[in-house]
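Student: Sharing a structure, written as structure tokens. Questions coming.
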Ligand SMILES: [Zn+2]
């Protein structure tokens, strides 16, 4: 399964970042997927649960940001959106262009790390929940949120 191997690479890189930051888990992973990328958002969503199963990213939500493909046209002096990329020409003025500026990407846009899991989900840590509120700085500081 083609999408699965693409996602495994994504999962590996997110898991590495999560480990570096000592995150307790990953809540969501955002992907930028070009309209001419080698996998469709639908196929990626289908493969996601299998790709994260048994990894440090298990349980994370998949967010997909679709990026419209475009060619850079010198004649139009702008990036022109394209649906297909059969020929290296601008779809507006038909000037030959060699540059597909967006559309092929399949990249991690962000990873929402659960580094504040204790504050968000006290039930996960009953020992902390039993303490008086003043001894739980994370819970007594409502503005404290590491998420972006
Ligand atoms: Zn053009």
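Any read-out appearing in this document is the output of simple, stated calculations on the displayed coordinates, not a laboratory observation. Here the structure is a predicted model, which means the values were calculated and not measured. With ideal geometry, Cβ positions are generated from the backbone for all residues, glycine too; neighbour counts draw on all protein chains shown.
Student: When residue 53 is evaluated against the numbered criteria (1) crowded, with 19+ Cβ neighbours inside 10 Å; (2) out of contact with any helix residue (DSSP H, G or I) (no Cβ under 7 Å at 6 or more places or on another chain), which criterion, by number, is the only one it fails?
Tutor: Against the list (1) crowded, with 19+ Cβ neighbours inside 10 Å; (2) out of contact with any helix residue (DSSP H, G or I) (no Cβ under 7 Å at 6 or more places or on another chain), residue 53 comes up short only on (1).
Student: Within the stretch 66-80, can you find the residues that are touching a strand residue (DSSP E or B) at 6+ places or on another chain (Cβ under 9 Å) and in contact (Cβ under 8 Å) with a residue 12 or more places away in the chain? Before the answer, list the steps.
Tutor: Going through the stretch 66-80, the residues touching a strand residue (DSSP E or B) at 6+ places or on another chain (Cβ under 9 Å) turn out to be 66-73, 78-80.
66, 67, 68, 69, 70, 71, 72, 73, 79, 80, listed by residue number.
Student: Just to check your reading of the model, which residue among 83, 12, 63 is out of contact with any strand residue (DSSP E or B) (no Cβ under 9 Å at 6 or more places or on another chain) and closer than 17 Å to residue 113 by Cα?
Tutor: On the way: 83 fails: closer than 17 Å to residue 113 by Cα; 63 fails: out of contact with any strand residue (DSSP E or B) (no Cβ under 9 Å at 6 or more places or on another chain).
Selected residue: 12, the only one of 83, 12, 63 that is out of contact with any strand residue (DSSP E or B) (no Cβ under 9 Å at 6 or more places or on another chain) and closer than 17 Å to residue 113 by Cα.
Student: OK, next. Would you check if residue 98 is surrounded by fewer than 18 Cβ atoms within 10 Å (Cβ to Cβ) and within 16 Å of the ligand (Cβ to nearest atom)?
Tutor: So residue 98 fits the description; yes.
Student: Go through the stretch 31-47 and give me each residue that's crowded, with 18+ Cβ neighbours inside 10 Å and closer than 16 Å to residue 112 by Cα.
Tutor: 31
Student: Pairs under 6 Å by beta carbon, first residue touching a residue at least 60 places away in the same chain (Cβ under 8 Å) in the stretch 93-110, partner within 16 Å of the ligand (Cβ to nearest atom) and in a strand (DSSP E or B), six or more apart or different chains?
Tutor: 100/71; 102/70
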